[in-house]
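Asker: Dropping a structure here in structure tokens format, bear with me for questions.
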């Protein structure tokens, strides 16, 4: 549910609910402010209640011990380094629900999570980890456009439920993550910045720069060096429109290559019960990301191609081509052969892009959650290879006669699209070999747990 | 899971499960029908059991008191105004699970939610709010393409779980919303019709109409008034294709303007602990919607532009342009300058649109739930400003030389795209000022809870 | 949360958690391997502990009875046919949590689910159904890109929570599906391969082939038979670009036709309390799928149309058209009428496609879960009919003058687009009749539970 105010409107009854907050730092104050807005009675616990002048209006400030007595839920909004002082009044905290909202500065900063540390200091209290993934600023300003999920974990089910109830009444969605062992994960979570995207990003950036330079040499430097021709205007669209499809095709092939390498390793070793090399594991784990970048590049390629007839450069050459016919008083005759080539190359590209899009849509979390494993495999494997076959065929037909004009190669460099075909063709050939019944049956047996000893 | 029949197939065992329904109105009958289909034994409670002739086949109809005795779960499918009569046999309802399925006709119709009202009338019963968000028609026809979520709330955990179990066996997804205090929200929920979209809709409609009229004056009325030229055919595509990009750019700028105003207010006040003016709060809460409309308009602009070469009007003028060259026996030479301008303007537009799409995809609920706050901020803020910069640059390069031809202005009105640049440029300039280290540091400090007293 | 390793990092503490696995088949070993990775102590139960040599390193292998004593959670990874032997040591399994992970080979293979069968054999044990939807291969290789949902059901809440905790610590998302009655569903789930898509697929394939052959006759066979002209190159793009929009429009109309038929049946019968014929029920349940295929075809139509100016065939004819003007020394004058027709036909198509896309986006699970029933109805019904009206108008304006040139029909066959208009126009006319106040009010009354007896 989406509510503009992100909290249940004030109820007179609710004001009987109390929450105590230890710590008057920014997060504590923001949470207190929000709790007050949603009808809670908020008591701050502070070392020096009189000097705390930034407290939100309507909240009470008391000494820690007194504040703790007023509520069964106590939010510990202080730094981990200061947890020790809580042991001083462990008897008052006995049986209370302590909500650890702390975050660290680095992933895995301490050997043990803050919440587990707190629980070990105060074995009599019920420690619950929660709210650390929520931004103080977002809480206060009410602009929670981002995830409203509050990950909660703890060893006491009732304590967790009480905290979940508080989260719900602030308009947030509590998500039970299990026992306090999950606290480590939950504390690392807000520190991540797309960790799964780092490796794919470097791979993509590397290929993009390489292919861009390759095209630059062939299409801008070569004409400049040999004919003093200025073709720098190709940099804006024409060259990107070579780089995008080429890198897209290579990345798509790289999505399916590790699966083939894994199959070869398993066939060679004759077992699935031994770990793959580390680089292969890492590669397999970033296939989804590689595929999504490949899709993004294919999308850009599609639009860059569709704008062709609008571009001044393209229109000028089309006009010139026509005027040459008129001046020469000739009409180039219609050639069925060309019509077939041109149309089938375009059609293959469109169909490839279409299945690419389908793959992308099924990788949306809400869609992939709605399909079972068999269906997911069907889409990702069958449709994925179909896409790879269509895209490779698109490039091959595009190439057409151009492959053989070797002497036409500038500085003996083959056109960039020829380079792009190496990996996809290799992947398709290897896949084709692997689906030969003899090998396929053996691989299936290995993946069902069989180990070497019988022969194919 | 998605099942065609939306309920667990009949089990002989299940028929031992009983549900009693008070009220033989439409919703009660539909729910009873569905429960019977899913293997439940259904007993209706009615004032006059003999006159109830629309009861689904297989259900029993008894007097309220007798019906209530047969089941621990009693669905109260009667109007709030008639709740009073239930107090007549409060002793029988003692300890029973009462499911309040009622809806109101208006948002916040009563000071207290129906479910809370019921609970106050029958303090001995366990009241659970549920099923009110499900349509009777959808329940019965089995065409639950819409949300299968059943929001459940109540003060008794076991009672909630029992109701959740019933929901699950009807093929629905129960969602625990906490204590009975949430009933108010749950009762308001089905009455809403895109409440968050109202303000953005008016803003967008206003700008769209204004810009449309502006373009109409310049491109249709002016030629008609001065040259008696009929250019009304521009209304179908050419003018919309000015309106869409202009409004899209303005709306995108309006998404980022309130954040800048908020920053200025905070810098001026020297604190974050005071509320923003009401209009700013409302504006900030509809940024997502404004952004989505801007994306939709950008999408329309993209397609309207891509169809250009197919349009008769465009082809006719292109042909005429070419024939003029041929008749004059001249060839306009190729100009690197034009090629650069044309291509870079198009490329900026495509890249802007691409990042726009990325922003749109990350605002899908299932995607934004999968990223943490830091990642969400990164995408929405960094990518958002990148999109704004690219879109503004796209418009500026499009303008090119056209800005300065003041005398060329029709009726002294500047071309519409010039008007569209005012807000985006203002936003970018202000943002540029705010990232100056001196101001940026101060703002960061304020947002971390610091208040005035020190100087920058 | 998305973690690269799909499991909580090793904790020294966790190694005190024990899980026992009965059965050393592939799934048992894979699960054991994964549990070991995540810090569990794993004990396998086997008939002949010494001969089990494929056991993952670090796991212990004991006789079933001894293994069972070491853990409260016992995963039953053996075939249903062998469940009987467990009764031999029912006393040891008394009070233990038995996790049934089995799958069948066919949907509804047995009258009673495996888990219920297990529970009936061992009434003293707490049977929980879980993990059967997870792939062994995915578990072991860590490549869980697919759904991480683990459906759990069982009659004992604490047993379920214990199993959910194990699932969470493997990086999976447990989903409570209720009591053991849900086991049947959960066991059928992984065997499905898009069951909801079968009927829509056949419908779409049928229409696609039919229209394709129809177009083939008119556009390839006819010129070949009458003029010996070879137009086979039209097969790659031109003919598909007729088939896609035609089938798309028909399918979109088929989405709204069953609703109209249902309304007519209800009006005729004067009640909503009688089942629709079976074919209508089936039809209504595949409307979403029909709509999505229609959207996919509309998308393909859009791209196939946008590439027109790039195609050799189209460019050649455009050039020829221009050269004819030049040779004849004539200029076809600009015709406002044509400009209007061409532009409005294109604009209607674009707007129709735009609303089509909106419909598609709102049918994404995460989006449709975020709207209530009223909003969903608004989008799917109002926007859906708007799309149908726009698409039909698009086709009608495209037809333009072409309808009346009967003698121009090849072999007396009307152009394909005329055929495509029959169903949409029929649907729109019937809808128009149904919204006449007199009929509409009556229908509304019937849908609110009213039955015949009064007159309109």
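The numbers here are math on the coordinates, done by the rules we state, and not lab data. Since the structure is predicted, the reported quantities are computational estimates derived from the model, not experimental observations. Counting neighbours? That spans all protein chains shown, and the Cβs are built from the backbone with ideal geometry, glycine included.
Asker: Quote the relative contact order of region C:12-191 in percent (integer), defining contacts as alpha-carbon pairs under 8 Å separated by 6+ residues.
Answerer: Normalised by residue count, the contact order of region C:12-191 is 19 percent.
Asker: How do the peptides B:348-357, A:203-212, A:236-245 rank, highest first, by the average count of neighbouring beta carbon atoms within 10 Å per residue?
Answerer: Result, highest mean first: A:236-245, B:348-357, A:203-212.
Asker: With r defined as the distance between the Cβ atoms of residue C:398 and residue B:209 and R0 fixed at 22 Å, what FRET efficiency is calculated, to the nearest 0.05?
Answerer: It comes to 0.15.
Asker: Taking Cα pairs under 8 Å and at least six residues apart, what relative contact order does chain A come out at, in percent?
Answerer: 11 percent
Asker: Take the alpha carbon gyration tensor of region B:42-136, find the square roots of its eigenvalues, order them as a ≥ b ≥ c, and report rounded if a/c is under 1.5; if not, report prolate when a/b exceeds b/c, else oblate.
Answerer: Oblate, because a/c is 1.5 or more while a/b does not exceed b/c.
Asker: Does region A:12-191 come out rounded, prolate or oblate by the C-alpha gyration tensor, with a ≥ b ≥ c the root eigenvalues, rounded set by a/c under 1.5 and, if not, prolate when a/b is larger than b/c and oblate if not?
Answerer: In terms of gyration-tensor shape, rounded.
Asker: Let me know the mean shielding of C:230-242 by other chains, meaning the per-residue number of their Cβ atoms within 10 Å of its Cβ.
Answerer: 4
Asker: Still on this structure: Mind checking A:347-358 for the average number of partner chain beta-carbons within 10 Å of each residue's beta-carbon?
Answerer: 3
Asker: State the extension gain, in nm to one decimal, for the chain segment bounded by residue A:447 and residue A:435, taking 0.36 nm per residue of separation less the distance between their alpha-carbons.
Answerer: In short, 2.9 nm is gained.
Asker: Please work out the C-alpha center-to-center distance from region C:301-339 to region B:232-260 and express it in whole Å.
Answerer: Measuring centre to centre over Cα atoms gives 31 Å.
Asker: May I pose another question? So, in nm, how far is label residue A:383 from label residue B:192 when the simple model puts each one 7 Å beyond its Cα toward the Cβ?
Answerer: 3.1 nm
Asker: What's the whole-number percent of alpha carbon pairs in chain A lying beyond 28 angstrom?
Answerer: Tail of P(r) above 28 Å: 66 percent of Cα pairs.
Asker: To continue, here is another question. Quickly rank B:370-376, C:290-296 as a protection proxy: mean count of other C-beta atoms within 10 Å, highest first.
Answerer: Output ranking for B:370-376, C:290-296: C:290-296, B:370-376.
Asker: Note the distances from residue A:79 to each other copy's matching label point, with points 7 Å along the Cα-to-beta-carbon direction, in nm, sorted shortest first.
Answerer: Its label point is 6.3, 6.4 nm from the equivalent points in the other copies.
Asker: Follow-up question, since we're still on this one. Let me have the relative contact order for region C:198-447, percent, based on Cα pairs under 8 Å that are six or more residues apart.
Answerer: It rounds to 28 percent for region C:198-447.
Asker: A further question on this structure: What distance in nm separates the simple spin-label points at residue A:361 and residue B:108, each placed 7 Å from Cα in the Cβ direction?
Answerer: That separation, rounded to one decimal, is 4.1 nm.
Asker: Another question, if that's okay. From the label point of residue A:413, set 7 Å along Cα to the beta carbon, how far off in nm is each other copy's matching point, shortest first?
Answerer: Label-point distances to the other copies, shortest first: 5.1, 5.1 nm.
Asker: Report, to two decimal places, the Cα Rg of region C:198-447 normalised by 2.2 N^0.38 Å (N = number of residues).
Answerer: In units of the globular-protein estimate, region C:198-447 measures up at 1.18.
Asker: Further question on the same structure: For region B:334-430, max minus min Cα coordinate along each principal axis, in Å, sorted largest first?
Answerer: So the three principal-axis extents are 53, 33, 20 Å.
Asker: To continue, here is another question. Would you calculate a helix-derived [θ] at 222 nm for chain A, using -39,500 (n - 2.57) for each DSSP H run of n ≥ 4 and dividing by the full residue count, to the nearest 500?
Answerer: For chain A, the value works out to -16000 deg cm²/dmol.
Asker: Further question: Other chains' Cβ within 10 Å of A:282-288 residues: what's the mean?
Answerer: Going residue by residue through A:282-288 and averaging, the value is 3.
Asker: Report the label-to-label distance for residue A:155 and residue A:201 in nanometres (one decimal), using points 7 Å from each Cα along the Cα→Cβ vector.
Answerer: If labels sit at residue A:155 and residue A:201, their model points lie 3.9 nm apart.
Asker: Once the label point is placed 7 Å from Cα along Cβ, list for residue C:47 the distances to the corresponding points in the other copies, in nm, shortest first.
Answerer: 7.0, 7.0
Asker: Between residue B:62 and residue B:229, 0.36 nm times their residue separation minus their Cα-Cα distance comes to what?
Answerer: 52.1 nm
Asker: For the protein assembly as shown, what does the alpha-carbon gyration tensor say about shape, rounded, prolate or oblate, given a ≥ b ≥ c as the root eigenvalues, a/c under 1.5 as rounded, and a/b over b/c as prolate?
Answerer: It is rounded, given that a/c, with a ≥ b ≥ c, falls under 1.5.
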